[in-house]
1. Pairs of Cα atoms under 8 Å, at least six residues apart: use those to get the relative contact order of region 1-99, whole percent.
2. So which of Lys109/Lys201; Lys109/Lys180; Lys37/Lys187 end up more than 30 Å apart by C-alpha?
3. Using heavy-atom solvent-accessible surface (probe 1.4 Å) with all chains present, what is the largest-first order of Thr255, Thr291?
4. Show me, for region 258-270, the HN-Hα J-couplings you get by feeding each phi into the Karplus relation (A = 6.51, B = -1.76, C = 1.60, θ = phi - 60°), rounded to Hz, glycine and proline as x.
5. Taking one equal scatterer on every alpha-carbon of the chain, how large is log10 of I(q)/I(0) by Debye at q = 0.10, 0.13 1/Å?
6. Going 7 Å from the Cα of His150 toward and past its Cβ, which residues in region 40-67 have a backbone nitrogen under 17 Å from where you end up?
7. List the relative contact order of the chain as a percent without decimals, with contacts defined as Cα pairs under 8 Å and 6+ residues apart.
8. Under the Karplus relation 6.51 cos²θ - 1.76 cosθ + 1.60, θ = phi - 60°, what is the ordered set of whole-Hz ³J(HN,Hα) values for region 53-65, x standing for Gly and Pro?
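The values are calculated or read from the model by the stated rules, or taken from the named source; none is laboratory data. Being a predicted model, the structure only gives us computed values, none of them experimental. Neighbour counts are summed over all protein chains in view; Cβ atoms, including those assigned to glycine, are modelled from backbone coordinates with ideal geometry. These accessible areas exclude ligands, DNA and RNA; they are computed on the full protein's heavy atoms, side chains included. Shrake-Rupley method; radii C 1.70, N 1.55, O 1.52, S 1.80 Å.
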Amino acid sequence: MNIRSSGILLHPSSLPSGCGIGDLGPSAFRFADFLAKTGQRLWQVLPLNPTEGAHGHSPYHSPSAFAGNLLLISPQALVQQGLLQESETRAGGPWPEGRIAFGGVVRFKQHLLQRACERFGADGDTADYEHFCREAGWLEDFALYAVLRHRYHPRPWFEWPRPLRDRQPRALQAARQKFKDRIRCQKILQYLFFQQWHDLKQHCNRRQIRLIGDMPIYVPLDSADVWAHRQCFRLTRSGRPLAVSGVPPDYFSATGQLWGHPVYDWEALQANGYGWWIDRMQQHLRLYDLTRIDHFRGLVAYW
């Protein structure tokens with residue numbers, strides 16, 4: 001950080017693409033080459049976590065602080081892996097110029113990714129995937145949460161049947177058995193996302209480009225993080241928030257801001273050695289060269 005440098009802020013979804021949304025494929029690699037050629041040394045990407053239509057596909061309102069956004073998986077890279085055919089990637093659209101038609105993109109990408117899942121592991125080589133599953137401590141909870149969330153949509157987790165809401169072991173085990181194929185698909189897709197991201201990061205680093213990631217200070221109530229780690233947040237026994245986040249009045253807002261996310265139970269976190277926060281920071285430090293906390297005032301002076 002003591003070397004003066006400059007860079008560009010660009011979320012990968014803004015890159016050119018023939019599939020309706022920018023992704024981690026060829027255009028991202030070309031953008032990294034452009035940065036290197038023009039003497040830039042930083043690429044700030046904003047959060048890469050899953051997004052939802054109900055919240056405008058904002059990367060700052062995600063159902064997981066650890067998982068990757070499947071819409072950013074490159075179909076072209078999946079073609080190179082033999083998981084898709086080139087003709088399948090051209091089946092969508094036509095896509096509008098300059099904007100993302102999220103409704104159509106989501107349907108198109110879901111169809112492609114489902115096919116990739118069905119073909120994954122056909123050659124028998126799954127050792128790297130299995131290693132990823134063992135190392136990603138958040139993956140099991142997230143995959144189950146994603147499947148259950150689809151099952152009970154639009155009900156949030158705190159309105160699920162009580163045994164699942166309260167994560168009773170027998171209920172969780174029964175759900176894992178019942179939905180094992182869908183859960184496996186979620187894990188495969190997360191593996192493919194992080195595989196593509198690490199390939200891009202290596203490409204950037206070889207060209208002396210450092211990646212800056214954004215970490216939203218709070219996470220939504222209806223998220224895998226809160227469902228799986230209720231003890232870290234100030235909630236009622238039924239999972240409702242005892243208080244929600246915001247920031248006091250300041251130069252930017254005379255009345256303050258109401259964010260609405262559940263606030264952390266810092267005493268409970270301290271008693272657990274801040275394990276969830278440490279895991280989250282370690283995840284960021286694996287993914288990026290630098291991390292920006294958004295926004296820091298929410299950490300030091302939350303309201």
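1. Taking the mean separation of contacting Cα pairs over the length of region 1-99, I get 29 percent.
2. Over 30 Å Cα-Cα: Lys37/Lys187.
3. Thr255, Thr291
4. Computed from phi, the couplings for region 258-270 are 9, 8, x, 7, x, 8, 6, 8, 5, 5, 5, 4, 4 Hz.
5. Once normalised to I(0) and log-transformed, intensities are -0.60, -1.04.
6. Under cut-off, by backbone N: 50-54, 63-64, 67.
7. This gives 20 percent for the chain.
8. Per-residue couplings from phi come out as x, 4, 10, x, 6, 6, x, 8, 9, 10, x, 7, 7 Hz.
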